[in-house]
Amino acid sequence: MKDILTRFTNDVIANTAFGVECDSLGDRENEFYLMGKEATDLSGLWKNLKLFGYILVPRLATLFKFKLFSKTVGDFFTNLIKSNIRSREKHGILRRDMIHLLLEARKYRLKHEETEPLQDTGFATATESVIASPMNTKTEITDDDITSQALIFFFAGFETVSILMCFMSHELAVHPNIQKRLIQEVDETLEACRGKLTYESLLGMKYMDMVVSESLRKWPNPVLDRICTKSYTIDPKYPDERPVHLRKGDVIWLPVFGIHRDPQYYPEPERFDPERFNDENKVNINPYTYLPFGSGPRNCIGSRFALLETKTLFFYILSNFEIVPVEKTQIPLVLSKKQFNLTAENGFWLGLAKSQRKK
């Protein structure tokens, strides 16, 4: 499942962020996928040390010129994006993707929309901050800036979304009653939209949103890093504790995995229970105890994108198949200790059984 879903997210990111059409399931050795896989491979001690260096001591990492990507990977994506920009500007090509939005931002043509969305985009969606406009920035956006932003978007969406999909697949496989209810909602939605999925129909699937939200609760990105903007002291709560003094500029790690599994906020935290996010219960969840996409001005700008991508994929899978355990499925699932990213010790091995229900 990890291989299949990573190839899917690769093609989605290639299309929406880079304007490149890929078929990584058909052409398994295409250059874009191979470069992306190498760029997001964080296994190995040296790669992890460099990543921690960038996060914890960025000035030192800059001083010693640490590079997360190899020269081959860096040159590939840089040349790809810059040639794409030149081609669009020369031939007047209009393609409404991320590069287009960044080019529009460079020309100060983007405006922040103050209106509320017409439809709820999902419980896990992070509130977006004001985007670039002449009112709030005068910084020139260069081709290198656009390349960097596209790479960040790729780096964030290639691996993390596929990991969410893997964990959600596993939970559905080992909880057939939850999957059965979700399949029922898929069938009802498919019938209501007459066999052609629409954006509004997908966002209207409440149980789908509950399942995705609970998957993100149980299997989130383990930590968030933030920079302290002012000095602050956390007073001790118990007699044997000492105060924690934070200074301006300190790098802080927030243990999202621990918060999401704290029984104070989520009773029986190890249990996969989408009902935590039904209409009655979700209003009682403290927003700062649910952080799959972070919070505040440094939250994940791709939360809507990730949720839409995930829901769309599972809609089409479950409209045709049931996700089932196979001989190699690890039950209960054990997390790998060899990688920085959250993933299964022995991989995600699941089967797709052709659905026998009538359409």
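Every number in this text was worked out from the coordinates using simple rules, so none of it is lab data. Note that the structure is predicted; figures quoted are calculated from it, not measured. FYI the Cβ positions are ideal-geometry reconstructions off the backbone, even for glycines, and counts take in every protein chain you see.
Here are the numbers:
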item	result
Residue-averaged 222 nm ellipticity for the chain, from DSSP H runs of 4+ at -39500 (n - 2.57), nearest 500	-14500 deg cm²/dmol
Listed residues 330, 254, 208: farthest to the positive end of the dipole of the chain (Cβ charges)	254
Formal net charge of residues neighbouring residue 231 (Cβ-Cβ distance under 10 Å; K, R +1; D, E -1)	+2
For residue 246, distant residues with modelled amide H under 5 Å away	232, 233, 234
Distance from the range 278-353 to the range 80-96 (C-alpha centre basis), Å	34
The chain - charge dipole about Cα centre, Lys and Arg +1 at Cβ, Asp and Glu -1, debye rounded to 20	820
Of every Cα-Cα pair in the range 266-359, the percent that sits beyond 19 Å	66
Charge tally in the Cβ shell below 13 Å around residue 154, where Lys, Arg are +1 and Asp, Glu are -1, residue 154 excluded	-3
14 Å beta-carbon shell around residue 214, net charge (K/R +1, D/E -1)	+3
The chain, Rg to Rh (Cα coordinates; Rh as Kirkwood inverse mean 1/r)	0.96
Karplus 3J(HN,Hα) series, Hz, for the range 310-327 with 6.51 cos²θ - 1.76 cosθ + 1.60 (x for Gly, Pro)	5, 5, 4, 4, 5, 4, 6, 4, 6, 7, 10, 9, 10, 8, 10, x, 10, 4
